[in-house]
Every structure is written in structure tokens, then in C-alpha cells.
1. What helices (runs of 4 or more DSSP H) completely inside the range 116-193 contain at least 3 residues that are among the charged types (D, E, K, R) and either surrounded by fewer than 17 Cβ atoms within 10 Å (Cβ to Cβ) or touching a residue at least 24 places away in the same chain (Cβ under 8 Å) (or both)?
2. Restricting attention to the range 88-103, report how many residues are aliphatic (A, V, I, L, M), under 28 Å from Asp191 (Cβ atoms) and surrounded by fewer than 18 Cβ atoms within 10 Å (Cβ to Cβ).
3. Does the range 115-165 hold any residues that are hydroxyl-bearing (Ser, Thr, Tyr) and over 27 Å from Leu210 (Cβ atoms), and which are they?
4. Could you list all residues from the range 78-123 that are touching a strand residue (DSSP E or B) at 6+ places or on another chain (Cβ under 7 Å) and at pLDDT 95 or above?
5. For residues in the range 2-35 being among the basic types (Lys, Arg) and farther than 19 Å from Asp53 by Cβ, which is modelled with the lowest pLDDT?
Amino acid sequence: MLFYVKRILSQEPVPEDKRPSFILRNSLNLSELHFLLDVMLCFIKGLSIKNRDILIVDFVNQWLKLARYDITYINIFNEFSLKYIVSLYEIIEDQVANPIIHNVEDKFKVSLTELMKNSINNCVNYLPEKESQLIPAETFTLALKRFIYRFLLVESNIEDLKISMYFLDFTLDLWTSDIKQELIVRLFPTDLLVSHAYDSYIYIINEVELALEELYKELRKLKQLQIKFCKLYMVWHLME
């Protein structure tokens, strides 16, 4: 649905400076907010809405079937137009999914083999600021989270399918728009099954933490060397 909405109604990401404020203001109603956005997206798709500059609150009030939902208490619908609706949906979905994805069935939590871990390591960049021709860990984990939330909580008999069937289908909108599709096609592991989705998610998160710990250790060592150098320089300077 998101893919189709983007095709008929060009979208923009929510500005970074506005994200924390609207999530905080609506934190108690995230599930309901997610549901309302889902309903709106269905209407946009069904009616092929083209006006992306109309405020969300005005769009809702135009349609009787949508107007029965009380949205007056949700401030973001007064702030954002339809050109942000997909971005809003994805941001809220991310928050709603956080506690829920851990409840998937055990058959989707099969442990990775060492070969599979190596496959992931070969395609993922675990350090966020490091330039690389690999897939950023944050991007990969978000795609996995979306997949788990959208499919594994509702589907049942797909655990033995190749997970690449889903992750290389870009109409499913699992990936963020800033990642090149060619990079994903070239690097995505071919040995993972759907049953490994959850453990892949957990594994990448843990590897990021380990990589950051190692980076901090190196920075501390560098800081200590700088201190030693400064002390030696001061001693040498006093001896002159």
C-alpha cells in the first residue's frame, strides 16, 4: 500500500526537528494514531488522491467515513499535509513495533549459523559514521523490524521461505528511501530464511553495541596517549 500511495501522491520525509516533539505529544495514543493513518492511506489509495498539500485534518473532514473518527486531539493532523503521511506512518509504525516484534512465534526465532553470521557481517556496516559501501546497520535493522511487524505477526506458514524474496521486493517498502537498491541486490545475504528474521535483527543490534564498545576503547586509548604526550612535552619544555 505504501508503495502505491507514493506513486500517486509524491512524499517527503518529516523534518528531523519535528519528529521528537510530535512523538512525545502523542506517545499515549501511538496505536490509535497508527490505525488512523492506516485508514487514511487506504482512502488515498482507493480514491487516488492527488493533492499532497492539503492538511491531513482537512482531508479527513472532507470524507464522511473518515470524519467519524475524532482526530481533534491529535495535533499532528493540524500541522502536516498529505505529503508527509507515509513518513508519519513509518515513524509511528517504528514506535508501535518496538515492544510487539518480540512476541513472534518461536519458529521465526531460529538461531543463525556461523556461516549466516558471516554473510551478515560481509554486508553490514556496524559503525554509523564510518563511510562504507555496505548496508548501514540502522537501515538493515529497521527493514527487519518492518518485516517482522508487517508479516510475521500475521503470516504463519512462511518460515521456510527465503527471506530475500521479501527484502528484494522493493514494492514492499521495507527499506528506507536513502539506501540504493543496487547495493541491497548486490549484498543481501542469500542463505537466510524467514525463520532467521528475528535472530538476524537481534544479532545486528548486538554487533552494533560491540562495535561501538571497541570504538570507545580505541578512543580512550588515544586520549591516554595524548595525555602522555602532553606530559612528556611539558617535561621536555621545562628542561630546555
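1. Working: elements: 137-147, 164-167, 181-187.
In the range 116-193, the matching helices (runs of 4 or more DSSP H) lie at 137-147.
2. Narrowing the range 88-103 to residues aliphatic (A, V, I, L, M): 88, 91-92, 96-97, 100-101.
Checking which are under 28 Å from Asp191 (Cβ atoms) leaves us with 97, 100-101.
Add one more test, that the residue is surrounded by fewer than 18 Cβ atoms within 10 Å (Cβ to Cβ), and what stays is 100.
Final tally of qualifying residues: 1.
3. Listed by number, the list holds a single entry, Ser156.
4. Once the filter is applied, which keeps residues that are touching a strand residue (DSSP E or B) at 6+ places or on another chain (Cβ under 7 Å) and at pLDDT 95 or above, the range 78-123 yields only Cys123.
5. Here is the first cut: in the range 2-35, the residues among the basic types (Lys, Arg) are 6-7, 18-19, 25.
Then drop every residue that is not farther than 19 Å from Asp53 by Cβ, which leaves 19, 25.
Values: Arg19: 74, Arg25: 59.
Across the range 2-35, the extreme among qualifying residues is Arg25.
The rows are residues; the columns are (1) assigned to a helix (DSSP H, G or I); (2) of a type in the set (Gly, Ala, Ser); (3) touching a residue at least 40 places away in the same chain (Cβ under 8 Å).
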{"site": "Leu30", "(1), (2), (3)": "yes, no, yes"}
{"site": "Phe35", "(1), (2), (3)": "yes, no, no"}
{"site": "Gly46", "(1), (2), (3)": "yes, yes, no"}
{"site": "Ile49", "(1), (2), (3)": "no, no, yes"}
{"site": "Phe59", "(1), (2), (3)": "yes, no, no"}
{"site": "Asn78", "(1), (2), (3)": "yes, no, no"}
{"site": "Asp94", "(1), (2), (3)": "yes, no, yes"}
{"site": "Ser111", "(1), (2), (3)": "no, yes, yes"}
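The values are calculated or read from the model by the stated rules, or taken from the named source; none is laboratory data. Computed from a predicted model, the values in this text were never measured in an experiment. Neighbour counts run over all protein chains shown; Cβ positions are idealised from the backbone, glycine included.
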